[in-house]
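The structure under discussion appears below in the form of C-alpha cells.
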Amino acid sequence: MNLLTIIIIMKVKLIHLLTDINSVREKSSIQSLSPINELGINYIQHINEIYKGDSYKTIKPIYLGNHGPGHWGLFQSFKKAIEQEFTEDLDGIVICECDCILSVDLGEFVKLINEGLEVCRTHLINYISFGPYGSSDGRIVESKVVEGNSNYGSFFLTDRIIQTHCIMFPRHSREYLLRQLKSGTWDTLDWWINWAFGECTKIAPNRFGILRKVVAYQHEGISLIDNVYKEKY
C-alpha cells in the first residue's frame with residue numbers, strides 16, 4: 001500500500017514511551033511504529049530514564065499487590081505524556097509502551113485508529129486497547145465480552161483492560177483523565193485506568209473497547225517493569 005494514498009480523517013498523536021532506544025526490543029518497536037508519521041499521525045518519542053529509588057513506597061497504590069519501581073516509572077511516564085501531549089485540538093491520543101510491535105501494516109492500523117475513535121464517539125467509550133485481553137499463556141481471559149454486537153465494528157465492549165502495550169483515549173476522555181491524574185492516586189497502569197474510568201466513577205465500568213483481533217504485542221525480552229524475561233505477548 002502506498003503510504004501517501006492514505007487519508008487521515010482524525011487528528012491524532014501517537015506517543016511512544018521509550019527508555020533504552022539502543023536495545024533490540026526498543027529498536028524493533030521504533031521500527032514498527034515510527035513510520036506512522038508518514039501517514040499523518042504525529043509520532044512523538046518520550047525517552048524516560050529508568051526510575052531508581054523507593055520514594056514510591058510512601059504513596060499507597062489503589063490496590064494491594066505486587067508494586068515495584070518499574071510500575072511507578074511506567075505510571076509517571078504515562079502521566080507526563082498525557083499532561084504534555086494530550087492537547088485540546090486532538091481527536092485522540094495513542095500511547096505505546098517501549099516494546100510494542102504491530103502484527104498488521106501501518107495502513108491497517110491507521111484505519112483501526114480512525115474506526116476506534118468513531119466507535120468511541122458514537123457509543124461514549126472512554127478508553128480502547130489494541131492489545132491482548134488475557135494472560136500470556138492464553139488460559140485466562142481478563143477482558144470478557146460485555147457487549148459484542150456489530151455496532152462496535154472491529155471492537156467489543158469489556159469491563160476492564162489488562163496490559164497497556166497500545167491504548168487510545170478519545171477527545172471526550174481528556175479532561176476527566178487529566179483530572180484523575182492530578183488526584184495523587186496511582187497503581188499499575190492498566191489497573192489504575194480501569195479504576196479511573198470504572199469503579200471511582202460510580203458508573204458501571206463497561207465503556208472500554210478492545211479489538212476482537214489483537215494487533216499490538218509485547219516484544220519478547222527482559223521487561224523493564226519487573227525485570228522478568230517475557231515471551232512475545
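In this structure, the amide hydrogen of R160, modeled 1.01 Å from its nitrogen in the peptide plane, lies closer than 5 angstrom to those of K144, counting only residues at least 5 positions away or on a different chain. Bridge orientation summary for the stretch 11-221: considering DSSP beta bridges with both residues in this region, about 55 percent are antiparallel. Here's the list of aspartates and glutamates a cross-link from K144 could span, going by alpha-carbon distance under 12 Å and ignoring same-chain residues fewer than 8 apart: D159. On full extension, the segment bounded by K213 and S34 gains 62.2 nm, given 0.36 nm per residue less the C-alpha separation.
Shown here is the pair-distance distribution of the stretch 11-221: with all Cα-Cα distances grouped in 5 Å bins from zero up to the longest one, the shares run 1, 7, 15, 20, 22, 18, 11, 4, 1, 0 percent.
Taking other residues whose beta carbon is less than 12 angstrom from the beta carbon of I162, and scoring Lys, Arg as +1 and Asp, Glu as -1, yields -1. For D105 and D20, FRET efficiency with R0 = 25 Å and r from the beta-carbon atoms, rounded to 0.05? FRET efficiency, D20 to D105: 0.45. Ranked by how many other Cβ atoms sit within 10 Å of their own Cβ, fewest first, the residues K80, K52 fall in the order K52, K80. Legend: residue pairs K60/K80; K52/K111; K11/K52; K27/K182; K52/K182, Cα-Cα distance threshold 30 Å; pairs beyond threshold, K52/K111; K11/K52; K27/K182. Ordered by the count of other Cβ atoms within 10 Å of each Cβ, fewest first, D159, D54, D91, D99 give D54, D159, D91, D99.
What you get for the stretch 11-221, charging only the Cβ of Lys and Arg (+1) and of Asp and Glu (-1), is a dipole of about 480 debye around the Cα centre. Once both labels are positioned 7 Å from their Cα atoms along Cα-to-Cβ, the gap between L124 and H172 label points is 0.7 nm.
The numbers here are math on the coordinates, done by the rules we state, and not lab data. As the structure is a prediction and not an experimental result, all values here were calculated from the model. Quick reminder, even Gly has a Cβ in these numbers, built from the backbone with ideal geometry, and neighbours come from all protein chains shown.
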